[in-house]
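Structure first, then comments.
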Amino acid sequence: MSSIPTSHEQIMTIERHILQEQEGYPDATGMLTSLLYDIALAGKFIASNTTRAGLSEILGSTDEYNVQGEQVMKLDRLADQAIYRLNDHAGRLAVLASEEHEDILPIPDKYPTGKYVLLYDPIDGSANIDYNVSIGTIFSIYQRKTQTDRGGIEDCLQPGRDLIAAGYLLYSVSTMLVYSTGAGVHGFTLDPSIGEFLLSHHNIRIPEPANYFSVNHGYTKYWSQGIRHFTEYLEGLTDEGRPLSDRYIGSLVGDFHRNLLAGGIFYYPADSRDPEKPSGKLRLLYEAAPLAFICSQAGGYASNGYMDILDIQPDTLHQRTPLFIGSRDLVEKAEQYIRIEG
Ligand code: AFP
């Protein structure tokens, strides 16, 4: 799976990789390349804080609450500002949107705008920060739709099918950046000794058969019959199927990454806990759509239980969706159970 470069010829930095990818697009302007490069730079900055988290004042929460009603952690704010500041002035973006902010984040008037749109979840798995459990950053890049100077909400409300690029950073045993521009999924590992992301996982494909399933069993009593029976299928408690191993970190990026490399399914179904949240917890634009893009590029599939996540037309910035993502055969099995039993 990962190939340790033995000579300088094999050292593939993310810049070189993105530039090589760009060769496939003769009209490319280099704008996407530098945007991806600055997201990698933001990742290095965030990683330099996560790796020293216990030693610096970065653990713990601020006294603020975000649009999701969640307490804003100090690292959430640091990551949110780092990504915004690295991208608000370079003339590549029409507009940004962050999971931490109610409204879109316009480009300051003093700076030029560009043709791309960046949506991001600065820290996914914030509840795990203080317990030193894997966390991540998720990003999505679209082409702007509006022709006006400053971009707007309609530039952000695009279906996953229209993504130009997407990816995530994983701050864990090592720091990784996994991305796709629609030509396969590639993983880079940060080498702290040189401060560079180097290619470690080329052209990732979800292996078969699957090995893992990831769900918060603590909500079983709020699940529909279809979801309960699907879970029993994964546990090998039905006539068909074999027991898979159960793993749940509570950070979508961490659970998704494991299942991407080892085969498996992560699901966060809608449940009856909160009538205010009939569609579950996860955010379509900041979490589900970008990972669905990566997953489909790696041969997998992502669904809301009824349709492909990539085909869902967003209505609001913070809309939520049930999510079933990973090995195609398992996600289709989930759709089957839901179709039959609800
Ligand atoms: P936080 O960023 O608030 O920790 O939420 C993380 C998350 O969005 C996703 O990363 C996890 O898979 C999921 O929520 C965990 O939710 P539960 O704690 O309800 O299982």
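None of the figures in this text is laboratory data; all of them are computed from the coordinates on show. Because the structure is predicted, anything quoted here is derived from the model rather than measured. Every residue, glycine among them, receives a Cβ derived from its backbone with ideal geometry; neighbour counts consider all protein chains shown.
Can you run the Rg to Rh ratio on segment 249-292? Use alpha carbon positions and the Kirkwood inverse-distance Rh.
1.01
Determine the sum of side-chain charges near SER251: Lys and Arg each +1, Asp and Glu each -1, restricted to other residues whose C-beta is under 12 angstrom from that of SER251.
That works out to -2.
How do 255-266, 108-119 rank on mean C-beta neighbours within 10 Å, highest first?
Ranked by mean Cβ neighbours within 10 Å, highest first: 255-266, 108-119.
Grab every C-alpha pair in segment 63-208, bin the distances at 10 angstrom width from 0 up to the longest one, and report whole percents.
11, 35, 36, 17, 1, 0
Whole percent per 5 Å bin, from 0 to the bin with the longest distance: what is P(r) over all C-alpha pairs of segment 1-141?
2, 9, 17, 18, 17, 14, 12, 7, 3, 1
Taking every pair of distinct Cα atoms and averaging 1/r, then inverting, what Kirkwood hydrodynamic radius in Å comes out for segment 226-277?
12.6
What Kirkwood hydrodynamic radius, in Å, does the chain give when the mean of 1/r is taken over all pairs of distinct Cα atoms and then inverted?
Averaging 1/r across every pair of different Cα atoms and inverting gives 20.5 Å.
Could you pull the Rg and Dmax for segment 177-233, using just the Cα atoms, both in Å?
Using the Cα atoms of segment 177-233, the pair Rg, Dmax is 18.1, 52 Å.
If each DSSP helix of 4+ residues adds -39,500 (n - 2.57) and the sum is divided by the residues in the chain, what number results at 222 nm, nearest 500 deg cm²/dmol?
Result for the chain: -8000 deg cm²/dmol, rounded to the nearest 500.
Which links in LYS44/LYS74; LYS74/LYS281; LYS74/LYS145; LYS281/LYS333 stretch past 24 Å when you go from one Cα to the other?
From LYS44/LYS74; LYS74/LYS281; LYS74/LYS145; LYS281/LYS333, over 24 Å: LYS74/LYS145.
Among ILE249, ILE141, ILE11, which one shows the biggest mean-square fluctuation in a GNM of the chain, springs joining Cα atoms closer than 10 Å?
Highest fluctuation of the listed residues: ILE11.
Separation of segment 290-324 and segment 228-244 by C-alpha centroid, Å?
24
Over the alpha-carbon set of segment 224-342, work out the extent along each principal axis and list the three values in angstrom, largest first.
42, 32, 25
To the nearest µm²/s, what D does Stokes-Einstein give for segment 61-133 at 25 °C and 0.890 mPa s, using the Kirkwood radius over alpha carbon pairs as Rh?
Using the Kirkwood radius from Cα pairs, D works out to 188 µm²/s.
Hey, quick one: spin label on ARG150, modelled 7 Å out along Cα-Cβ, who in segment 64-107 has an amide N within reach, i.e. under 11 Å?
105-107
Cβ neighbours within 10 Å, averaged per peptide: list 277-289, 189-201 in order, most packed at the top.
So the peptides 277-289, 189-201, ranked by packing, come out 277-289, 189-201.
List, largest first, the extents of the alpha carbons of segment 163-294 along their principal axes, each in whole Å.
Extents along the principal axes: 50, 36, 27 Å.
Ranked highest first by average number of other Cβ atoms within 10 Å, how do 236-242, 164-170, 150-156 line up?
164-170, 150-156, 236-242
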